[in-house]
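Note sheet for the following structure.
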């Protein structure tokens, strides 16, 4: 240790070794933390797969895609997984969400361990609906509908002497092209707004995915409690039947009571003005009585003029 401190060359060498070790660790930190083996697969089309997308086996996440690059006339997809793959493993790019997010699905097979890249014969790419709609919008915008209509009209005139069935088909195509030409602006606006809608949905991918997930949870909870809901509905139906039977069995007693109740209500309605006046007059009496008995379990009262008082001079006071 003393020699190392005295010799600056050894100090520099040791520092370079430590720096190299730190750099090597930093570049491979993700591999060290995640672990797993590296594999590769060849695809004819990447189909929107990007580094960082999930790698799944039977729906379970087992790794992620590390690189997607062009390898000649094919696409090379490199990925890392914690599972050991067989030599007959197949790979498929699948759609994770309705908005176009992808993941790599693996189907392990074979008795030996996979050493080489998965060939094109055992890989497949999905059909991307979002890209197809966007491509249709771009293609439709480049079509000269007026020129197309003229071309169909010329073609119809050229086949004027053909049989009636062929002429009718061409006339139909001509009318179709004219209709498309007359609605050109509406079609362009429709496709442009459809493109905007797909863009908004793509931007709200996480919210839409959570909505679908919450909906699945709700349906699962309803399914789980299906028996309880069924019993509740059955019990409600039985209760309604019992109430109907109770009313029918006691109709002879209930009907006179209802008739008398109607008479009482009619009597109250005829005397509602007197009842209102009585309640109004009773309010003052109750207020005064409450003030009288407010001192405790007794009350004080007096009668005015019942006893006459005299002054010392003999006169009345």
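Every number in this text was worked out from the coordinates using simple rules, so none of it is lab data. Given the structure is predicted, the values throughout are model-derived calculations rather than measurements. Virtual Cβ from ideal backbone geometry, glycine too; neighbours counted across all protein chains shown.
In this simple spin-label model, placing a label point 7 Å from the Cα along the Cα-to-Cβ direction at both residue 168 and residue 17 gives a separation of 9.3 nm. Over what distance in Å are the Cα centres of the range 59-74 and the range 211-235 separated? Their Cα centres are 40 Å away from one another. Say each of residue 212 and residue 242 gets a label point 7 Å from the Cα, pointing the same way as Cα to Cβ; how far apart are those two points in nm? The answer from the label model is 4.7 nm. Between residue 190 and residue 109, the FRET efficiency from the beta-carbon distance, with R0 = 41 Å, is close to 0.35.
Compared with the alpha-carbon gap, the fully stretched path from residue 50 to residue 122 is longer by 23.9 nm at 0.36 nm per residue.
If you plug the beta carbon distance of residue 276 and residue 255 into 1/(1 + (r/R0)^6) with R0 = 45 Å, you get a FRET efficiency near 0.90.
A full extension of the chain between residue 221 and residue 179 corresponds to an added length of 10.0 nm, given 0.36 nm per residue minus the alpha carbon distance. With r defined as the distance between the Cβ atoms of residue 88 and residue 40 and R0 fixed at 22 Å, what FRET efficiency is calculated, to the nearest 0.05? Approximately 0.90, to the nearest 0.05.
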